[in-house]
Amino acid sequence: KDHIAEVREFSTDNLEAIEAFRIKYLGKKGLLNQFFGEFKNVPNGEKKEYGRVVNELKQLATEKVASLKDSVSGSLGEKEIYGDVTRPGEPLELGTRHPISLVRNRIIDIFSRIGFNVSEGPEIEDDWHNFTALNLPEYHPARDMQDTFFIQTDPDLLLRTHTSSVQVRYMENHKPPIRTISPGRVYRNEAISARSHCFFHQVEGLYIDKEVSFADLKQTLQFFTSELFGKSKIRLRPSYFPFTEPSAEVDVYWGLETETDYRMTKGTGWLEIMGCGMVDPQVLTNCGIDPNEYSGFAFGMGIDRIALLLHQISDIRLLSENDVRFLEQFRSAS
Ligand code: PHE
């Protein structure tokens with residue numbers, strides 16, 4: 001009880017004195033811990049009163065320390081509290097954007113200018129969204145085009161092999177007109193080399209409306225490639241995908257006679273950059289869209305390979321090693 005009076009009366013404007021007071025009462029070996037330690041030796045009949053007094057003392061001491069500290073810091077200048085605020089700051093180390101992000105952001109920006117939004121979906125996908133809805137039923141030989149990682153505990157689950165799965169989800173949940181691109185990471189069980197990896201990144205696009213034609217597809221791709229690569233020639237080669245009909249592969253000319261911008265490695269000829277086609281009517285039906293009313297096109301490209309081209313990177317594995325010496329080189333890229 002004497003201590004309660006002492007705590008009540010204690011006053012100082014000296015920070016060190018406050019700290020000494022705090023240690024005396026509230027420190028690890030302070031009075032309060034001693035009192036709490038003695039609690040077990042107090043006769044049963046007195047325990048209640050003893051506890052009440054000690055707890056009151058603790059509360060008073062805690063409040064006293066806080067209020068004294070408050071009033072001291074209130075009367076201190078900025079300098080005492082924060083140090084010299086006019087001292088020059090330490091420079092902050094700025095990170096750099098990853099080349100995959102740089103290229104993905106450019107692609108999103110180009111398509112957003114012609115009305116495409118961005119959609120996303122899960123990387124762990126079910127069989128329906130990755131394959132079956134896209135005209136790839138079980139045992140369809142075209143499933144072998146994309147070597148798949150399955151999830152061991154559930155044969156219906158897999159790591160998505162393309163972001164076409166996101167387009168299926170988007171069609172299931174939205175009515176046309178649809179204009180969306182789906183960027184994301186995809187996985188394929190492929191041997192890792194300088195040119196391919198077991199995971200990479202795609203942007204797939206989907207456009208569904210009334211009377212969409214192959215000419216719309218070609219114009220959209222022409223616009224896109226010119227924006228991304230500078231003025232460029234493209235060619236469409238007939239190809240096959242189970243979910244588009246007709247289907248085509250898009251090559252961009254990486255050649256000497258093209259007016260290219262400085263980023264291109266010239267003289268390599270036609271380079272394949274994406275797959276595309278008119279969405280198969282059966283796929284529309286699978287996703288709840290009436291193919292008699294609507295048609296559309298889809299396309300898909302790998303971001304990693306485009307990043308290799310644009311930034312003249314020689315090995316795809318550099319993109320996932322996170323070597324700072326590599327990443328720092330993209331400081332001024334946009
Ligand atoms: N999904 C295909 C792939 O990953 C690309 C593609 C998308 C082709 C849309 C045509 C239409 O290879």
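Structure data summary
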item	result
Members of 24/48; 47/69; 48/69; 28/64; 1/48 lying beyond 26 Å, as alpha-carbon distances in this model show	47/69; 48/69
Alpha-carbon Rg/Rh ratio, for the range 16-81, with Rh computed the Kirkwood way	1.16
Extent along principal axes [Cα atoms of the range 3-149; Å; largest to smallest]	87, 55, 26
Alpha carbon centroid spacing (whole Å) that separates the range 112-169 from the range 81-97	47 Å
Probe 1.4 Å - accessible area at residue 150, Å² to nearest ten	120 Å²
Within straight-line cross-link reach of residue 218, lysines at Cα separation under 20 Å, skipping those fewer than 8 residues along the same chain	210, 231, 233
Carbon + sulfur, % of accessible area of the range 63-187 - ligands and nucleic acids excluded, 1.4 Å	51 percent
Packing-based ranking, highest mean first, of 132-138, 301-307 given that Cβ atoms within 10 Å are counted	301-307, 132-138
Per-selection Rg to Rh, the range 112-180 - Cα, Kirkwood hydrodynamic radius	1.03
Counting DSSP beta bridges with both ends in the chain, the antiparallel % (nearest 5)	95 percent
Dimensions (Å) - the range 114-246, Cα atoms, principal axes, largest first	46, 40, 26
Residue 170 accessible area, assembled protein chains, probe 1.4 Å, Å²	40 Å²
1.4 Å probe accessible area per residue over the chain, in Å²	57 Å²
Kyte-Doolittle at least 0.0, axis length at least 15 Å by Cα - qualifying DSSP helices, the chain	15-26, 99-112, 214-229
Kirkwood Rh and Cα Rg combined as Rg over Rh, evaluated for the chain	1.32
Spatial separation of Cα centroids for the range 217-236 and the range 188-211, in angstrom	18 Å
Exposure ranking of 251, 127 by accessible area [1.4 Å probe, largest first]	127, 251
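The values are calculated or read from the model by the stated rules, or taken from the named source; none is laboratory data. Predicted model only: the values in this text are computed from it and were never measured. Please note: Cβ atoms are built from the backbone with ideal geometry, for glycine as well, and neighbour counts cover all protein chains shown. Note: areas computed on protein heavy atoms with side chains; ligands, DNA, RNA excluded. Shrake-Rupley method; radii C 1.70, N 1.55, O 1.52, S 1.80 Å.
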